[in-house]
1. In region 31-48, what residues are of a type in the set (Asp, Glu) and either free of Cβ contacts under 8 Å to residues at least 40 places away in the same chain or in contact with a Gly (Cβ under 8 Å, 6 or more places away or on another chain) (or both)?
2. Starting from region 55-75, take each residue that is closer than 10 Å to ILE45 by Cβ and list its partners that are in a helix (DSSP H, G or I) and among the basic types (Lys, Arg), counting only C-beta distances under 9 angstrom and pairs at least six apart or across chains.
3. Find all pairs meeting these conditions: Cβ atoms under 6 angstrom apart; at least six residues apart or on different chains; first residue within region 1-30 and touching a residue at least 24 places away in the same chain (Cβ under 8 Å) and under 24 Å from GLU59 (Cβ atoms); second residue assigned to a loop (DSSP other than H, G, I, E, B) and not charged (D, E, K, R).
Amino acid sequence: MVFEKIRAILSEQFSVKESSITLDTNIEEDLGADSLDVVDILMSIEDEFEIEVPDEEIENIKTVRELVEYIKSNQ
């Protein structure tokens, strides 16, 4: 469920097919996210999951899998 929601957010943000986003997708390298994109993504994720992601945690999240695990452990 968490993965599907994240995949939908990333798909919309980067105009890519949801099926092209896997748990191993690197947000910066594979999707081409820059720092502004990361801020937009995190705002969407914080709204969707009603959590707050501290700035220092953002730097540690590189892949979709790491993002899913972070959300699951902080819900």
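The values are calculated or read from the model by the stated rules, or taken from the named source; none is laboratory data. Just so it is clear, the structure is predicted and the values come from calculations on it, not from any experiment. Neighbour counts run over all protein chains shown; Cβ positions are idealised from the backbone, glycine included.
1. Residues of region 31-48 of a type in the set (Asp, Glu): 34, 37, 40, 46-48.
Correct list: ASP34, ASP37, ASP40, GLU46, ASP47.
2. Listed pairs, sorted by first residue: ILE71/LYS5.
3. ARG7/ILE21; LEU10/ILE21; ILE27/ALA33
Okay, residues lined up against (1) modelled with pLDDT under 95; (2) under 17 Å from LYS72 (Cβ atoms); (3) in contact with a helix residue (DSSP H, G or I) (Cβ under 6 Å, 6 or more places away or on another chain):
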{"position": "MET1", "(1), (2), (3)": "yes, yes, no"}
{"position": "LEU10", "(1), (2), (3)": "no, yes, no"}
{"position": "VAL16", "(1), (2), (3)": "no, no, no"}
{"position": "SER20", "(1), (2), (3)": "no, no, no"}
{"position": "ASP55", "(1), (2), (3)": "yes, no, no"}
{"position": "GLU59", "(1), (2), (3)": "yes, no, no"}
